[in-house]
Amino acid sequence: MALNSNIPTGPLANKWDNYKAGSKLVAPNNKRKFEVIVVGTGLAGASAAASLAELGYKVKSFSYHDSPRRAHSVAAQGGINAAKNYRNDGDSIHRLFYDTIKGGDFRAREANVYRLAQVSVNIIDQCAAQGVPFAREYGGMLDNRSFGGAQVSRTFYARGQTGQQLLLGAYQALSRQIGLGAVESYLRHEMLDLVTVNGHAKGIVTRNLATGEIKTFAADAVVLATGGYGNLWYLSTYGRLSNATAIWRAHKRGAYLANPCYTQIHPTCIPVSGDYQSKLTLMSESLRNDGRVWVPKKKEDTGKTPSSIKEEDRDYFLERKYPSYGNLAPRDISSRSAKEVCDEGRGVGPGGLGVYLDFADSIQRLGQHKIEERYGNLFDIYKEITGENAYEQPMRIYPAIHYTMGGTLGGLRLDDNLPGLFVIGEANFSDHGANRLGASALMQGLADGYFVLPYTINNYLAATKEKRPSTTQSEFTSTEKESRDKLGTMLGINGKRTVNSFHKELGKIMWDYCGMARDKAGLQKALELIPALREEFWSNVNVPGDGEEINQSLEKAGRVADFLELGELVCRDALEREESCGGHFRTEHQTEEGEALRHDDRFAFVSAWEYGNGSGPKLHQEPLVYEEVQMSQRSYK
Amino acid sequence: MNVKLRVWRQASTKVEGCFEEYEARDLNPNMSFLEMLDVVNEDLTLSGKEPIAFEHDCREGICGSCSLMIDGEPHGPENKVASCQTYMRSFQDGDVITVEPFRSRAFPVLRDLIIDRSSFDRIIQRGGFISVSTGSAPDANAILVSKDSADTAMDAAACIGCGACVAACKNSSAMLFVSAKAAHLNSLPQGRTEKMSVS
Ligand SMILES: Cc1cc2nc3c(=O)[nH]c(=O)nc-3n(C[C@H](O)[C@H](O)[C@H](O)COP(=O)(O)OP(=O)(O)OC[C@H]3O[C@@H](n4cnc5c(N)ncnc54)[C@H](O)[C@@H]3O)c2cc1C
Ligand code: FES
């Protein structure tokens, strides 16, 4: 199958408008004849389901959570970008576009990113009108802060709970449609598989997590808004339930997975404190607006109390290495720099895996109340977890898995490679290239749901000859049977190891060999370890209970089984990409100064993996042709 | 540290439940309460028993999934934190800790510590929103909101919808949940036109 991204010709700034002008429409009175399944109720899914229902489509919304409002988007802290230029500081659609392309280390599609920057301004309008309580200035205007990788202030925020507030906005819009009967809501329903009919996505298999009932649903189109797969690494900043099942199943049914190895490791998380640890907590990037990152210059000082280390004995390594961006250097670069100083033995805290994030200067300059107002809840979280007061002593932070730039391949229309399947939000391979800038995921999720999908799904629905099938068709019954069989097998193994122990071991393999720094030998090793672990899983896992009740071990087993397959593809992708770019750092490919070294002559393409039934995954390449910007070595110095 | 747990076990809504006792040994005081339950669950699984079902996701106090009644208090002994943000350092070595689901007729127990809180969603569906369809919004700065109003709205909007207020109330009233949403939306000018037309 040839890759098709359906990017219209013409100047970059006009491409999205040109696409819209040429796309087919569904007349208002015909919309209610179409049914759309939307899996996921995070920012992407809730905004999509609400917007499609407002347009008149019949929507069925699914989530494994007990309420749409619990989606992982709720945890986003720092903010959302938009090219409003309310600050008069030189922002523009073009600048947001350029920052995002550059931040992504020139591995994103130009047309997608430009569109994202264009619709960013509408998102803020929409959310403000919904009553999202964004931070305000005394004049009543919206306030902004800055995030990494940008020299303008374009980030809108609601204290340290921006994701929560944006999600509540979308959740309320969705609730309104549910109340009106325009959306049927299926909560505690986990999608186990995608059903395709004649190569079109036409339905899903679900398990009702409260009753164990397995059921199929048919629709005219399927939207996946199922989030990222960072829990593949076990410890991450994700909610514990986030998983890859929906997109992995879709992959096995024909959807290509793009750039699965592009992973973001966030520089500012609370370091690991023990083996029992179940998750890592993010300290928002916004803290780097006012916090300064440092470690002692000398190894001998790492055990001292930070306040006793004199100014001249501190190494503010980000400010030293990247004077023009300083503490706001992009995430991949900041994370790697932290790893570097810790590898040199200058890390602080348990195991030497930590660096300081120090607010003393800002507290002196602005007063503690200002810092409290800006980040109070983050300081509280830090205190709850570590028992330390960060107003009095610097925070300790360390990088952690935070976001997956890879995901399902889609072109400008989103469903370009598997007709009828629209993947939005973090689940798609998205617009962030090899590294996502802070505050851009919320922007992308809402862009997709509010302003992209409603303009692309019509084109498919109006044109397709594949009508909504009946769930009695063989494609449905056979896919359902496969799902049932898989659950039955897992319940019947009765082995000696818990599901969690497999997840933990897989996570460690991924972190050791496919984490912040990767090399050929390590990746090859991981490619031996993962299949072996998978084999053990299928012969030695212990899943207690049965399938006709709430069974959290069974839920998790299915997710871990899919991680055990996806992990292998992620490592293979990392192995094949013999260059460093953004969050993908191959130690063999670095500049003399230790920065990521791309090889544009050989790797300026999107890696699109086709699932190989039995024959191993097959790589397709979508060339990244830049018409507007020049690919260059990123510099934040 | 070691503690003894009395945990509510109930196979489903239809059957009666009861307390069962478990030992939780060799705990680190820096473990969260849920991480302690993870350890107990690993042991239960390995000894051929069914693990304790409890709801959780973010484990940082924002998603509102976790909902444990710990020693008779919703979310346990610490103030202003969710169950997932309760740490073992809040307990003493040798403590006996009682763990139950949030108790309320509006929140039927589904299994063990998992309850059905869909009544909260139904409340929001009845009017916990401003009716603004996608695409129709004016420029965000066209609606001025004083900093005070925005701050008040945010204070109320921060509710995580966990249901602790219902569990704490002797009458199982959802008034705090409802008034938080009302205060959020009432503090802002955005929905004023709609409010005038329905009231
Ligand atoms: C701690 C943290 C802080 C962050 N802060 C920021 C920030 O400040 N700014 C920013 O821009 N980004 C931030 N991000 C990133 C951002 O929050 C996420 O990328 C984004 O919210 C993802 O939204 P989504 O709608 O794509 O998916 P999610 O919010 O993850 O939603 C996924 C949905 O899919 C459902 N689902 C998944 N699989 C299935 C299945 N098989 N069956 C049924 N339902 C399923 C889930 O129930 C859920 O409803 C942060 C991320 C984290 C972890
Ligand atoms: S698990 Fe999310 S609030 Fe406790």
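The values are calculated or read from the model by the stated rules, or taken from the named source; none is laboratory data. Small disclaimer: the values here were computed from a predicted structure and weren't measured. No Cβ is skipped: glycine too gets one built from the backbone with ideal geometry, and neighbour counts run over all protein chains shown. SASA here: full protein model, heavy atoms, side chains in, ligands and nucleic acids out. Shrake-Rupley method; radii C 1.70, N 1.55, O 1.52, S 1.80 Å.
Calculate the radius of gyration of the Cα atoms of the range A:160-220 to one decimal place, then report Dmax, the largest Cα-Cα distance, as a whole number, both in Å.
15.0, 47
Over the alpha carbons of the range B:118-193, what is the largest minus smallest coordinate on each principal axis, giving the biggest first in Å?
Result for the range B:118-193: principal-axis Cα extents of 44, 26, 19 Å.
Just the accessible area per residue of the range A:144-186, please: how many Å² with a 1.4 Å probe?
Per residue, the range A:144-186 has an accessible area of 22 Å².
Can you give the net charge of the other residues whose Cβ lies under 10 Å from the Cβ of A:Leu12, counting K and R as +1 and D and E as -1?
Result for the local shell: -1.
Could you give the nm distance between label points at B:Ala142 and B:Asp95, where each point is 7 Å from its Cα heading toward the beta carbon?
5.4
Can you tell me the orientation of helix A:110-130 relative to chain A, as the angle in degrees between its alpha-carbon axis and the longest Cα principal axis, to the nearest 10?
Result, in degrees: 90.
For the range B:3-114, what percent of Cα pairs sit more than 22 Å apart?
Here the tail beyond 22 Å accounts for 27 percent of pairs.
Just to check, using Stokes-Einstein with a Kirkwood Rh over alpha carbon pairs, what's the diffusion coefficient of the range B:57-199 at 10 °C and 1.306 mPa s in µm²/s?
92
For the interface of A with B, what's the total buried accessible surface in square angstrom, probe 1.4 angstrom, rounded to the nearest hundred?
In total, chains A and B hide about 6000 Å² from solvent.
For chain A, take the longest principal axis of its alpha carbons; what is the angle in degrees between that and the long axis of helix A:368-386, to the nearest 10 within 0 to 90?
Around 70 degrees separate the two axes.
Determine the residues within the range A:69-108 where the difference in accessible area between the chain on its own and the full set of protein chains amounts to at least 50 Å²; count protein heavy atoms only and use a 1.4 Å probe.
A:Arg69, A:Arg70, A:Tyr86
Return the FRET efficiency for the residue pair A:Tyr455, A:Asp519: r is the Cβ-Cβ distance, R0 is 60 Å, and the value is rounded to the nearest 0.05.
Working from the Cβ atoms, E equals 0.90.
For the range A:474-623, which semi-axes, largest first and in whole Å, follow from the square roots of 5 times the eigenvalues of its Cα gyration tensor?
35, 19, 11
For the range A:115-193, what is the relative contact order in percent, using Cα pairs closer than 8 Å and at least 6 residues apart in sequence?
The value is 21 percent.
Ignoring ligands, DNA and RNA, what percent of the 1.4 Å accessible area of the range A:474-623 is carbon and sulfur?
Whole-percent figure for carbon plus sulfur exposure: 47.
Mean separation of Cα pairs under 8 Å and 6+ residues apart, divided by the residue count of the range B:118-193: what relative contact order is that in percent?
40
Could you report the range A:542-637's accessible area per residue, 1.4 Å probe, as an integer in Å²?
Heavy-atom SASA per residue in the range A:542-637 reads 41 Å².
How large is the accessible surface of A:Arg320 in square angstrom, using a 1.4 angstrom probe and rounding to the nearest 10?
140
Considering only protein heavy atoms, with the full assembly of protein chains and a 1.4 angstrom probe, order A:Trp16, A:Trp538, B:Trp8 by accessible area, largest first.
Result, largest first: A:Trp538, B:Trp8, A:Trp16.
Using a 1.4 Å probe on the protein chains only, how many percent of the accessible area of the range B:3-114 belongs to carbon and sulfur?
About 45 percent, which is the carbon plus sulfur part of the accessible surface.
Total Lys pairs in chain B closer than 27 Å by alpha-carbon, pairs eight or more apart in sequence or interchain only?
The number of close lysine pairs in chain B is 11.
At what distance in nm do the modelled label points of A:Tyr626 and B:Arg126 sit from each other, each positioned 7 Å from its Cα along Cα→Cβ?
So the two model labels end up 5.7 nm from each other.
Do any residues of the range B:101-131 lose at least 40 Å² of accessible area when the full set of protein chains is present rather than just their chain alone, and if so which, with a 1.4 Å probe?
B:Leu110, B:Arg111, B:Asp121, B:Ile124, B:Gln125, B:Phe129
What is the spin-label model distance, in nm, from B:Asn186 to A:Asn613 if the labels are put 7 Å beyond Cα along the C-beta direction?
Going from the B:Asn186 label point to the A:Asn613 one covers 6.1 nm.
Which of the pairs A:Lys102/A:Lys321; A:Lys58/A:Lys486; A:Lys202/A:Lys504 have their Cα atoms more than 27 Å apart in this structure?
A:Lys58/A:Lys486; A:Lys202/A:Lys504
Cβ under 13 Å from A:Gln77's Cβ, A:Gln77 left aside: what net charge do those residues give with Lys, Arg +1 and Asp, Glu -1?
+1
Working from Cα positions, state the angle (0 to 90°, nearest 10) between the long axis of helix A:453-463 and the longest principal axis of chain A.
So the inclination is approximately 20 degrees.
Would you list, by chain and number, the aspartates and glutamates whose Cα falls below 14 Å from the Cα of A:Lys383, excluding same-chain residues fewer than 8 positions away?
A:Glu372, A:Glu392, B:Glu60, B:Glu78
Tell me, what is the per residue accessible area of the range B:118-193 in Å², probe radius 1.4 Å?
About 46 Å² of surface per residue is accessible.
As a check on your grasp of the helix formula, calculate [θ] at 222 nm for chain A: sum -39500 (n - 2.57) over DSSP H runs of n ≥ 4, divide by the residue count, round to the nearest 500.
-11500 deg cm²/dmol
Please give the calculated 222 nm ellipticity per residue for chain B, where each DSSP H segment of at least 4 residues contributes -39500 (n - 2.57) and the sum is spread over every residue; nearest 500 deg cm²/dmol?
Counting only the DSSP helices, I get -8500 deg cm²/dmol.
Take every Cα pair under 8 Å in the range A:266-400 that's 6+ residues apart, average their separations, divide by the length, and report that relative contact order as a whole percent.
It comes to 34 percent, rounded to a whole number.
Kindly state, to the nearest 0.05, the FRET efficiency for B:Ser197 paired with A:Glu592, given R0 = 51 Å and r defined as their beta-carbon distance.
E between B:Ser197 and A:Glu592, to the nearest 0.05, is 0.15.
Express in Å², to the nearest 10, the accessible area of A:Thr211 obtained by rolling a 1.4 Å probe over the protein heavy atoms while all chains stay in place.
70
For a protection proxy built on the mean count of beta-carbon atoms within 10 angstrom, sort B:14-20, A:365-371, B:150-156 highest first, please.
Sorting B:14-20, A:365-371, B:150-156 by mean packing, highest first, produces B:150-156, A:365-371, B:14-20.
For A:Ala532, project a label point 7 Å along Cα to C-beta. Then give me every residue of the range A:488-509 with its amide nitrogen under 17 Å of that point.
Residues A:502-509 qualify, since their backbone N sits under 17 Å from the label point.
Nearest 5 is fine: what % of DSSP beta bridges in the protein assembly as shown come out antiparallel, could you say?
So the antiparallel bridges amount to about 70 percent of the total.
Pop the C-beta distance of A:Asp343 and A:Leu180 into the FRET formula with R0 = 60 Å and round what comes out to the nearest 0.05.
Computed FRET efficiency for A:Asp343 and A:Leu180 comes out at 0.60.
If you stretched the chain out fully between B:Arg6 and B:Cys169, how much longer would it get, using 0.36 nm times the residue separation minus the C-alpha to C-alpha distance?
56.4 nm
Note down, for the protein assembly as shown, the three equivalent ellipsoid semi-axes (square root of 5 times each alpha carbon gyration tensor eigenvalue), biggest first, whole angstrom.
The three semi-axes for the protein assembly as shown are 34, 34, 30 Å.
To check you understand DSSP bridge types, tell me what percent of the beta bridges within the range A:474-623 (both residues inside) are antiparallel, rounded to 5.
Of all bridge pairs located within the range A:474-623, approximately 75 percent are antiparallel.
Can you give the Rg to Rh ratio of the range A:266-400, both from alpha-carbon atoms, with Rh computed by the Kirkwood formula?
That ratio is 0.93, to two decimals.
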